[in-house]
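The values are calculated or read from the model by the stated rules, or taken from the named source; none is laboratory data. All values reported here derive from a predicted model rather than from experimental measurement. FYI the Cβ positions are ideal-geometry reconstructions off the backbone, even for glycines, and counts take in every protein chain you see.
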Amino acid sequence: MGDEVLSIDGLHVSVDGTEIIKGLSLTINIGEIHAIMGRNGAGKSTLANVVMGHPAYEITAGTIAFKGVDLDEMEVFERARAGMFLSFQYPASIPGVQVGTFLRKSVSSVRGNSAPSARDFRKELMGHMDSLNMDKSFLSRYVNDGFSGGEKKRLEILQMLLLNPSLALLDETDSGLDIDALRVVADGINSIAPEAGCLLITHYQRLLEHVKPDFVHVMIDGRIVRTGSAELAGELEAKGYDWLEA
Amino acid sequence: MSGDTARDAVGDYQYGFHDPENATIRFDKGLSEQVVRDISELKNEPEWMTEIRIKAYRRFIEMPMPTWGNCDMLNQIDFDAVTYFLRSSKGTENDWDDVPDDIKNTFERLGIPEAEQKWLGGVTAQYESEAVYHSIREDLEEQGVLFLDMDSGLREYPEIVKKYFATVVPASDNKFSALNTAVWSGGSFIYVPKGVHVAMPVQAYFRINAKNMGQFERTLIIADEGSSINYVEGCTAPTYSTESLHSAVVELIAMDGAKIRYSTVQNWSANVYNLVTKRGVAYADATIEWVDGNIGSKLTMKYPSVLLKGEGSHAEVISVAYAGKGQHQDAGAKVHHLAPNTTSNILSKSISKNGGRSSYRGMLQVTPKAHGCRSKVVCDALMLDSESQSDTYPTMEVGNSSADLEHEASVSKVSNDQLFYLMSRGHSEAEAMGMIVNGFFEPFTRELPMEYAVELNRLLELEMEGAIG
């Protein structure tokens, strides 16, 4: 199918010999928003990291493909250049590297030959920063260095908008945000959603009030135990996860 | 060692090209009192300078090798295998067109004439033992600023040179300052008159081209009361399988209220011993700043120092060191608070990679008379792998209890989280490492003139490419 951006089939993943993901399959098409919900420790962040290629995770069985291409042999930066993006739960700080420089370099790495000129880049950047209510002074600060939780998440979304991925993995992007920031972040996700596949990882329903998922998956102990529509999120909010446990 | 093995040993070094040697005068290898006399005679020096040289030569012979630092590497130096004087050009030219073509080519490949046009107040280019090109902007000359190569300085202003030469770094300071005083050649001589501010940096560029060459430049900068100057130097050499020796002495004198900034980006090839003595004296309310980058060389031992002699004077030493395969950067800073209310800041950052070793060696002294002094020392080391080494040897001698001293030190590694984060933004591992390293050095880089900063960043990015994979 031409619209398929992510297809995970029978995935098993271990860290240091401990199995975290225990047989998971999932397909995401262009234009679809999928939410994965579950308690802490269910393996949600592991899923996002392993799709992006974090070297600490070992795939012991199953496959992950992006636009029909097996990711097994692809390095992290190649995945990024191919159009995959991960918004980190805890973005690393890079002291001494200014946000402005970092963004320009990332855009030229990921977008390669089709990267905008310095002038167009600046225009694009300013537009996105306005929409995210980010002050220009951000650009001369060091990447995530001394940032508040909310500032980090805004910078993640700013990167997502600039890199314009066809698959966006958003790991707990809603945590630590006040209601205004949450709305801004949601607007960002909604703006790329029609042209991309989105995977939202969250354990609250909050974000889903602003970003309407097409599918909600419940993850417990390394497996997807239930898949439903947006209404499932509300049900989880009311009933918790216990009723889904085997 | 063949050329290829040399390249394996020192890595991919972009300035590693060499041009054919066209020496007009080349001394036999090895050192003797006669060699010292011959250098002095060849330069038609006044007798007092010949005397200084001879005394220094005798000191050099008497003094033992240092018994600290990397003795194994130091003891590999074969003083008899070094050429102590080599003249490649008939004189110092003021017009770029008159510089011999082969030498001109070298400096053009290094971008010197271009830089001069764009952003320098003056430039001196030294090739082997002597300056081959020299210029200064007219407006500076009109204000009475003297900027010459040291040989011309001695010839044209002997009274100034005699008054200050070897007063800050005496010949007997250490074995290598004795050697330099005996055989010095080239270097810069600068005098800035009272109240004159030299806004554009002046630059010297040092290039060793010959094999087994010793370069012993001598620099003397005097900033008279209330004046200021910003001096920048760069150094490169070709990649040979045999070693060269660079042993310079730099003396700075900042009179009352004057300010001298001295910036160095040393990028010698990895077969050069770089054993340099740099010291400045600051009188009342004067400032001396050393901005010191050590990227190349096999072994560097260099501890830019400041004697805070006048009340209210200030020292600033910002240094970075990068030690790759087979390299030892033994660098640091020394500040002596000799007068009341003097202040100093020392920031040292080092990176070790591929088994390289970087050492911070520092001295902070506060004498009993020096009331109300403040000093802050920060040393940060970044290790890029587990086979590399970093160590610190800080010494503090505090004779006055009113001193306010801070010392911070850290050793860190590049985290996998940082690499993964940057790679997830489309950067290869080498690119990611380059960004982290450039970021680590940023507090140093931002102090450099733009062209040097860009060059340094590019250099470090190249360094990160070789060894990953």
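In this structure, does B:Val123 turn out to be touching a His at 6+ places or on another chain (Cβ under 8 Å), touching a residue at least 12 places away in the same chain (Cβ under 8 Å) and either farther than 27 Å from B:Lys309 by Cα or not in a helix (DSSP H, G or I) (or both)? Yes. Filtering A:Ala193, A:Ala181, A:Ala118, A:Ala168 for residues that are of a type in the set (A, V, I, L, M) and closer than 16 Å to B:Gly426 by Cβ leaves a single hit, A:Ala168. Does the stretch A:90-99 contain at least one residue that is in contact (Cβ under 8 Å) with a residue 12 or more places away in the chain and assigned to a helix (DSSP H, G or I)? For the stretch A:90-99, residues in contact (Cβ under 8 Å) with a residue 12 or more places away in the chain and assigned to a helix (DSSP H, G or I): present. Condition test on A:Asp187, is it closer than 30 Å to A:Val216 by Cβ, surrounded by fewer than 17 Cβ atoms within 10 Å (Cβ to Cβ), modelled with pLDDT under 95 and in contact with a Ser or Thr (Cβ under 8 Å, 6 or more places away or on another chain)? When the stated conditions are applied, A:Asp187 passes them.
Residues in the stretch A:145-173 that are in contact with a strand residue (DSSP E or B) (Cβ under 7 Å, 6 or more places away or on another chain), in a loop (DSSP other than H, G, I, E, B) and not charged (D, E, K, R): A:Pro165, A:Ser166, A:Thr173.
Of all residues in the stretch A:194-222, those being over 17 Å from A:Leu6 (Cα atoms) and touching a residue at least 12 places away in the same chain (Cβ under 8 Å) number 15.
Determine, yes or no, whether A:Arg141 is without any contact (Cβ under 8 Å) to a residue 60 or more places away in the chain, among the basic types (Lys, Arg) and within 10 Å of chain B (Cβ to nearest Cβ). I'd like the intermediate steps shown before the answer.
Working: without any contact (Cβ under 8 Å) to a residue 60 or more places away in the chain: yes; among the basic types (Lys, Arg): yes; within 10 Å of chain B (Cβ to nearest Cβ): no.
No: the conditions fail for A:Arg141.
Could you pull out the residue among A:Ile94, A:Ile28, A:Ile33, A:Ile21 that is facing another protein chain (nearest Cβ under 8 Å), at pLDDT 95 or above and buried (at least 16 other Cβ atoms within 10 Å of the Cβ)?
Working: A:Ile28 fails: facing another protein chain (nearest Cβ under 8 Å); A:Ile33 fails: facing another protein chain (nearest Cβ under 8 Å); A:Ile21 fails: facing another protein chain (nearest Cβ under 8 Å).
Among A:Ile94, A:Ile28, A:Ile33, A:Ile21, only A:Ile94 is facing another protein chain (nearest Cβ under 8 Å), at pLDDT 95 or above and buried (at least 16 other Cβ atoms within 10 Å of the Cβ).
Scanning for something among the aromatic types (Phe, Trp, Tyr), closer than 30 Å to B:Val281 by Cβ, surrounded by fewer than 16 Cβ atoms within 10 Å (Cβ to Cβ) and touching a residue at least 60 places away in the same chain (Cβ under 8 Å), does the stretch B:152-163 turn up at least one residue? Before the answer, list the steps.
Filtering the stretch B:152-163 for residues among the aromatic types (Phe, Trp, Tyr) gives B:157.
From what's left, closer than 30 Å to B:Val281 by Cβ: B:157.
With surrounded by fewer than 16 Cβ atoms within 10 Å (Cβ to Cβ) added as a condition, the list becomes B:157.
Restricting the remaining residues to those that are touching a residue at least 60 places away in the same chain (Cβ under 8 Å) gives none.
Within the stretch B:152-163 (the criterion being among the aromatic types (Phe, Trp, Tyr), closer than 30 Å to B:Val281 by Cβ, surrounded by fewer than 16 Cβ atoms within 10 Å (Cβ to Cβ) and touching a residue at least 60 places away in the same chain (Cβ under 8 Å)), the answer is no, since none of the residues qualifies.
Entry remark, the stretch B:206-229: residues being in contact (Cβ under 8 Å) with a residue 40 or more places away in the chain and among the polar types (S, T, N, Q) number 4 in total.
From the list A:Phe85, A:Phe121, A:Phe77, exactly one residue is assigned to a helix (DSSP H, G or I), within 14 Å of chain B (Cβ to nearest Cβ) and of a type in the set (Phe, Trp, Tyr). Which is it?
Numbers: A:Phe85 fails: assigned to a helix (DSSP H, G or I); A:Phe121 fails: within 14 Å of chain B (Cβ to nearest Cβ).
Of A:Phe85, A:Phe121, A:Phe77, the one residue that is assigned to a helix (DSSP H, G or I), within 14 Å of chain B (Cβ to nearest Cβ) and of a type in the set (Phe, Trp, Tyr) is A:Phe77.
Number of residues in the stretch A:55-74 that are within 20 Å of A:Thr27 (Cα to Cα), free of Cβ contacts under 8 Å to residues at least 40 places away in the same chain and within 14 Å of another protein chain (Cβ to nearest Cβ): the value is 2. When only residues in the stretch B:81-114 that are touching a helix residue (DSSP H, G or I) at 6+ places or on another chain (Cβ under 6 Å) and surrounded by fewer than 20 Cβ atoms within 10 Å (Cβ to Cβ) count, which is modelled with the lowest pLDDT? Looking at the filtered set, the residue picked out is B:Pro113. Select from the stretch A:36-54 the residues that are among the small types (Gly, Ala, Ser), within 14 Å of chain B (Cβ to nearest Cβ) and under 20 Å from A:Val225 (Cβ atoms) and list them in ascending order. Listed by number, the residues that qualify are A:Ser45, A:Ala48. Yes or no: B:Lys211 in a loop (DSSP other than H, G, I, E, B) and at pLDDT 90 or above? No: the conditions fail for B:Lys211. Screening A:Ala233 against (1) modelled with pLDDT of 85 or more; (2) not in a helix (DSSP H, G or I) leaves a single unmet condition, (2).
Looking at the structure I just gave you, is B:Glu138 at pLDDT below 85, surrounded by fewer than 20 Cβ atoms within 10 Å (Cβ to Cβ) and closer than 30 Å to B:Asp102 by Cα? Spell out how you get there, then give the answer.
On the way: at pLDDT below 85: yes; surrounded by fewer than 20 Cβ atoms within 10 Å (Cβ to Cβ): yes; closer than 30 Å to B:Asp102 by Cα: yes.
Here the answer is yes, as B:Glu138 does meet what is asked.
State yes or no: is B:Ser88 more than 30 Å from B:Tyr360 (Cα to Cα) and either more than 19 Å from the chain's Cα centre (by Cα) or aromatic (Phe, Trp, Tyr) (or both)? Can you show your working first?
Details: more than 30 Å from B:Tyr360 (Cα to Cα): yes; either more than 19 Å from the chain's Cα centre (by Cα) or aromatic (Phe, Trp, Tyr) (or both): yes.
Criteria met by B:Ser88.
One residue stands out in the stretch B:56-66 among those that are outside any helix (DSSP H, G or I) and over 22 Å from the mean Cα position of the chain (by Cα): the one that is farthest from B:Ser40 (Cα to Cα), namely B:Pro64.
The selection criterion, being within 22 Å of B:His336 (Cβ to Cβ), touching a strand residue (DSSP E or B) at 6+ places or on another chain (Cβ under 8 Å) and surrounded by fewer than 24 Cβ atoms within 10 Å (Cβ to Cβ), does not hold for B:Glu311.
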